[in-house]
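Reading through the structure tokens given below for one structure.
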Amino acid sequence: MNLFDVYPLFDINIVKGKGRHVWDENGTEYLDLYGGHAVISIGHAHPHYVEKVSKQVATLGFYSNSVINKLQQEVAYRLGRISGYEDYSLFLINSGAEANENALKLASFYNGRTRIVSFARAFHGRTSLAVEATENPKIIAPINANGHVTYLPLNDINAIETELGKGDVCAVIIEGIQGVGGIQIPTPTFMQELRRICTDTNTVLILDEIQSGYGRSGKFFAHQYSGIRPDLITVAKGIGNGFPMAGVLISPMFTPVYGQLGTTFGGNHLACSAALAVLDVIEQEHLVENAAKVGTYLMEELKKLPQIKEVRGKGLMIGMEFDQPVKEIRSKLIYEQKVFTGASGSNVIRLLPPLCLNMEEAQEFLCRLKAVL
Ligand SMILES: Cc1ncc(COP(=O)(O)O)c(C=O)c1O
């Protein structure tokens, strides 16, 4: 059997990782400024993570959601404390798309409505309603195109006022910082007005922090730069440092109903032990602060490079927009300079390194980038 060929692959087989580096099967070392698509938060093969996950798999890897799971309770307690959302509840699932599906479902159960507002260039996942809320017609299959979603321009308060003023919008879903869309940042004023209008119209505000959350932006959540509190927050990627896991943080305005949400694998013992190890390391190694510090330095230095048209970002979520397609630059970075980066569309390079990237590694990256520009 062949693999279903949907990924355009680099011709590299990564077999090992440690900290901010990965190695291919020939022993070549790469600097990882991509974090396996913003997934590696605390670094590859962190010893504490390895120990906790190994011990858990040797004890109890899985049991179902029909019994008490104290590890889930601990994740909820710790996540509430570190994020400033102690009064919210947590529902655990396995992927980002699933987190958004459950958030949208909760919103619709809450106010009984069926219309969703999303934004130009948004990405929310590849399943049912999550893909419909993703503004990319190429990945919305006819079966997903059910007319639930209206896409508005980002940062356009008037457009929000008009659309939500109709009184029939179930939820607005917005990324803390757009990732796939090319590192587009909602302004604090827009977020504050969006919050106000959602409240006035009984519309649920969902913050997709799947890529921008878990410390990546230099705050625990990117929306915390605007001081608002959403009704639902979705997390995935960095929560498990590579172990598939996701969550919805749910405000106290929602009442849980037995059987309304559910999952076989979500929040299993192994996933929770990975999530707890991640929270331990984020706290002990001050990784949110590190992301803010190293990210600020990187952006200041990148802005000095005349070849780059615009640098956007916060913390270690950085976009470099060029006048020309970036394919060749990324190719040279990976094959000649041994640096992994991400892309958005044709002209933007995305940096999403592990949150433990240090100043020396940031400088090393800048040297290697300059060599190819
Ligand atoms: C903002 C955002 N939302 C949702 C998703 C979907 O997450 P997953 O691929 O885990 O389903 C992604 C993945 O890139 C994302 O960046």
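List every residue whose amide H lies under 5 Å from the amide H of residue 119, counting only residues 5 or more places away in sequence or on a different chain, with H placed 1.01 Å from N in the peptide plane.
152
Can you pull the one-decimal nm distance between simple spin-label points at residue 283 and residue 323, each 7 Å off the Cα toward Cβ?
Each label point is offset 7 Å from its Cα along the Cβ direction, giving 5.1 nm.
Using the Karplus curve 6.51 cos²θ - 1.76 cosθ + 1.60 with θ = phi - 60°, what ³J(HN,Hα) values do you get for each residue of the stretch 347-359, in whole Hz, with x for Gly and Pro?
10, 10, 9, 10, 10, 9, x, x, 6, 9, 3, 9, 4
Which residue, chosen from 253, 149, 282, occupies the Cα position most advanced towards the positive end of the dipole of the stretch 48-284, where the dipole is computed from +1 (Lys, Arg) and -1 (Asp, Glu) charges on Cβ about the Cα centre?
282
If I model a spin label as a point 7 Å beyond the Cα along the Cα-Cβ vector, how far apart are those points for residue 77 and residue 139 in nm?
Between residue 77 and residue 139, the label points sit 3.7 nm apart.
In Å and on Cα atoms, what radius of gyration and Dmax does the stretch 63-159 show?
Looking at the stretch 63-159, its Cα Rg and Dmax stand at 16.3, 49 Å.
Using θ = phi - 60° and the Karplus relation 6.51 cos²θ - 1.76 cosθ + 1.60, list the HN-Hα couplings for the stretch 259-267 in order, rounded to whole Hz, with x at every Gly or Pro.
x, 5, 10, x, 6, 6, 8, x, x
Most mobile of 241, 158, 358 per a Gaussian network model of the chain (Cα springs, under 10 Å)?
Of the options given, 158 has the highest mean-square fluctuation.
Sorted from fewest to most neighbouring beta carbons within 10 Å, what does the list 95, 331, 41, 226 look like?
In increasing order of surrounding Cβ atoms, one gets 331, 226, 95, 41.
Please list, or write none, the lysines whose alpha carbon is within less than 18 Å of the alpha carbon of residue 304, excluding same-chain residues fewer than 8 places away.
Hits, sequence-local ones excluded: 293, 314, 370.
When the Debye formula is applied to the Cα atoms of the stretch 257-373, each taken as the same point scatterer, what base-10 log of I(q)/I(0) results at q = 0.14, 0.15 Å⁻¹?
Rounded to two decimals, the profile gives -0.68, -0.74.
Within 13 Å, Cβ to Cβ, of residue 246, how many net charges do the neighbouring residues add up to if Lys/Arg are +1 and Asp/Glu are -1?
So the environment of residue 246 carries a net charge of -3.
Using the 10 angstrom Cβ neighbour count as an exposure proxy, how do 195, 81 rank, fewest first?
Starting with the residue having the fewest Cβ neighbours, the order is 81, 195.
Take the chain, connect every pair of alpha-carbon atoms lying under 10 Å apart with a spring to form a Gaussian network, then pick out the residue of 132, 361, 25 with the largest mean-square fluctuation.
25
For the stretch 48-64 and the stretch 243-318, what is the centre-to-centre distance using only Cα atoms, to the nearest Å?
Between the Cα centres of the stretch 48-64 and the stretch 243-318 lies a distance of 22 Å.
Report Rg(Cα)/(2.2 N^0.38 Å) for the chain, keeping two decimals.
0.97
Taking the number of other C-beta atoms within 10 Å as the exposure measure, put 317, 1, 299 in order starting with the fewest.
1, 299, 317
Could you give me the ³J(HN,Hα) list for the stretch 84-99, computed from phi with Karplus coefficients 6.51, -1.76, 1.60 and θ = phi - 60°, whole Hz, x at Gly and Pro?
Ordered by residue, 3J(HN,Hα) equals x, 10, 5, 8, 8, 10, 10, 10, 9, 9, 10, 8, x, 4, 5, 4 Hz.
Below 8 Å between Cα atoms, with a sequence gap of 6+, how large is the relative contact order for the chain in percent?
Averaging sequence separation for qualifying contacts and normalising by length gives 23 percent for the chain.
Values quoted throughout were computed directly from the atomic coordinates according to the rules given, and no laboratory measurement underlies them. Being a predicted model, the structure only gives us computed values, none of them experimental. With ideal geometry, Cβ positions are generated from the backbone for all residues, glycine too; neighbour counts draw on all protein chains shown.
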